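Below is one structure, written out as C-alpha cells; comments come after it.
The values are calculated or read from the model by the stated rules, or taken from the named source; none is laboratory data. Remember, predicted model here, so these are calculated numbers, not experimental data. Using ideal geometry, Cβ is built from the backbone for each residue, glycine included, and neighbour counts are taken over all protein chains shown.
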Amino acid sequence: MKRAIRASSFALAMAGAFLQAAAAGQSPRQVRPPIKTPAEEANYLAYTQAEAVASFLSALAARTPELRVSTAGRTLPTGEYGARDIFLAVLAGRPAAAPADLDRSKPTVLFTAAQHGNEQSAKEAALWLLRDLAAGDLKPLLAKVNVLIMPQTNPYGNFRDVRANELGLDMNRDHVKLEAEGVRAIHRVFTAWRPEVTIDVHEKGDDYYRVSIGCVSNANIAAPLQDFSRRVVLADVERALKGKNIAFFEYLVTEELGVDTSSGAARPEERRGPREEMKRYSTTDLNDGRNSLGVFETLSFIQEGASRHDLETLKARTAWQYSGLRAFLESVAGHAPEVVKLVGGLRARLLQRAASRADNDPVHLRMEYARDPAAPELRLRRFARGAAAPAAGRVLRVDKKAGETVTAADFVPAPPGGAGVEDEVVKHWFPNVRPTLSVTRPRGYIVRGGRLDIVETLLALGVEVGMFERDAVVEAEAYEVTAVVPSAADYEAPATIDVAARAVKAPVKKGDFYVGCVQPAANLAPCLLEPQSAYGLVRYWKFNLVPEAGGLFEVLRYTGKDAPAVIPYRPWRP
C-alpha cells in the first residue's frame, strides 16, 4: 500500500510538471527540477564554500532573466587558500547590470552576509533567499523592490570556519580603515548602487531569541530612520515570526557595566572580579556594516541569528535566519513607497543642512549609552541556567558573540526534555544614546597632498574629494592640541585630546585635497576628519595623526565664504 501511494504521488507530481511545461510551451524533457541551494544539496552536512557559491549562481543565472551576477572584489591569496571572488547578485523586475539600469521608483535593498566567517548560516540563508527571489515564491516581490545580495563576503573565514578574514581582520570592525577586501567590496557596491535599505547578516550565541534585528544607533543618523525601523519594519518582522513560533527581539549587546567594547580595539585581558552586566542596543561606532552605511541616511540593519556554531544545528539556524530575512524583505516591499519617500527626503534634507551650516545642526563626535527614566528596566526571556541533567545538550551560561572565546565553564547542562525558559529582569538597561561632544559642520576640510593614504580611504568610503589646481591662500581654522594622552590600543581614540581652534590664512598648494561637506557624506566626513572624534581616522595608528601637545592637527577646517576652486579627484583603481 505504501509503495502504491508513493507511486501515485510521484505520478501526480510528474503530471503537474507536464501540464506546467505544456502551458509554458515546453516539452516534458525541457522541464528542469527546482534548483537547490548548496546546503540543501549537501543535506546541511557541510558548510557551503566559494566554489559551490559560484556554481550555484551560474545555474541560477542561466534560468533567471531577472538576475545579473558580477564580482565586486577578490580576496587575497594565502599559502593555504587561494584568492576567491566576492559576488554581487542583482535581482530586479527590469534586469539591471549597472546602477543606471535600476528602476529607482522602487527601493533597493542590499543584503551582505558572512563578514564573520564562522557565522555560516548567514551565507546559507542569503543563498536561500536569493534562490526564492530568482526562481521561487518570492519572485513577485521584484515588482516592488530591487534586491542586491552579497552572500559570501569572507570566503577565507568560511573555509577555515573562523571569524577573521585572510589578513586576520575582524571585517565588521574594519568599515573605516577598509583594509579587508571584502569590506572594500561592500562599500564599492553601496557607493555605486546607493540602496535605500541595507541589512548585514550575522550569528550570535545560543539565544532564546532565535532572530534579532538591530537598527542604526549613531546619533548623526536622522531619528526618523530609527523610528520607522522600529515602528514599522521590526514590528512587521516580529508579527511574521510569531506566526512561525520563532522568538524575536531587537538585537541587544551584553557587556560589563561601565565598559564599552564596541570600538574593536584589541585590549589585553584584565583579571577582574565579578562585575555587574548591562544591556544596550548595538554600537554607535561607524566601523561596522550598519552605521557606516546608515550615516548616509540609509535604513540600515543588522540581523543576528541564534547559533551553537555546529553542523548539527545548521539546518535549523539557517531556517531561522531565512525566516527573518524573508519577513524583513516582505516588510520593506509592503512599505516600498514610504521607504523611497523617507530615505530620499532625508538625503536631500542632509544636503540642505550641510549647505546652511547652522549652529543648531551639529555633527556629533562622541556619544555615551544612557538610561531611559521612563523605562528603567527591561524584561526578557532566556534559557534557564539551572544545572540539570544534560539530556538535551548544553546551553551557554551567558550569550556569546561568534568568535569570542568559549570554554567548558561557559556552558551549563540544559534541563531534561529540552532547554527551559525563564524570565529575566535587566536592571542596568541603557537604551538611549546621548551625544557628549559635537561640532558645527564646516564648509569643508583641507588635506595636504602627501596624505594619499587618507584620501584613498575617504574615496573608498564614498566620500567625494576635490583637488586644488593651483597654489592659493585660503581662510581656514587650525586646531592646536593643548593636551593629549594617546590611546593604549589601536582602533581607540586618544584617551585625552583637547584642542583650541584658531583662524589662519592657510597656504594650499596645487595637488592638495579638499573634502567638501555639502555632499552625501556630509555627516561622515567630520566624523572621520575631526581630531576629537571617537570614530575618526585619528584613532587608527596606521594614519599617525595624533600630534604632540602644542602641535597642530594637520587637517584644516576650511572657513571661506565660498567653496574653493577645485576639480574632482578620481580614484583610478578600484
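For residues in the range 367-383 being out of contact with any Phe, Trp or Tyr (no Cβ under 8 Å at 6 or more places or on another chain) and surrounded by fewer than 16 Cβ atoms within 10 Å (Cβ to Cβ), which is nearest to LEU437 (Cα to Cα)? Looking at residues that are out of contact with any Phe, Trp or Tyr (no Cβ under 8 Å at 6 or more places or on another chain) and surrounded by fewer than 16 Cβ atoms within 10 Å (Cβ to Cβ), I get GLU368. Here the condition is being closer than 30 Å to PRO95 by Cα, modelled with pLDDT of 95 or more and touching a Gly at 6+ places or on another chain (Cβ under 9 Å); of ILE221, ILE186, it holds for ILE186 alone. Against the definition (within 27 Å of ALA100 (Cα to Cα) and of a type in the set (D, E, K, R)), how does ASP174 come out, yes or no? Criteria not met by ASP174.
Just one of the numbered conditions (1) touching a strand residue (DSSP E or B) at 6+ places or on another chain (Cβ under 7 Å); (2) on the phi < 0 side of the Ramachandran plot is not true of LYS542: (1). Please verify whether ARG275 is crowded, with 21+ Cβ neighbours inside 10 Å, among the basic types (Lys, Arg) and touching a Leu at 6+ places or on another chain (Cβ under 9 Å), treating the condition exactly as stated. No: the conditions fail for ARG275. Counting the residues of the range 155-170 that are without any contact (Cβ under 8 Å) to a residue 60 or more places away in the chain and surrounded by 24 or more Cβ atoms within 10 Å (Cβ to Cβ) gives 1. Scan the range 225-245 for residues that are within 18 Å of VAL295 (Cβ to Cβ) and hydrophobic (A, V, I, L, M, F, W, C) and jot them down. Result: LEU225, PHE228. Looking across the range 205-264, the residues that are in a helix (DSSP H, G or I) and among the hydrophobic types (A, V, I, L, M, F, W, C) come down to ALA223, LEU225, PHE228, VAL232, VAL233, LEU234, ALA235, VAL237, ALA240, LEU241.
Kindly indicate whether ALA125 is hydrophobic (A, V, I, L, M, F, W, C) and in contact (Cβ under 8 Å) with a residue 12 or more places away in the chain. Spelling it out, ALA125 is indeed hydrophobic (A, V, I, L, M, F, W, C) and in contact (Cβ under 8 Å) with a residue 12 or more places away in the chain.
Would you check if ALA495 is aliphatic (A, V, I, L, M) and surrounded by fewer than 20 Cβ atoms within 10 Å (Cβ to Cβ)? Criteria met by ALA495.
Listed by position, the strands (runs of 3 or more DSSP E) contained in the range 278-392 that have at least 1 residues being over 20 Å from the mean Cα position of the chain (by Cα) and not assigned by TED's automatic domain parsing to the domain that holds THR198 are 362-370, 378-383.
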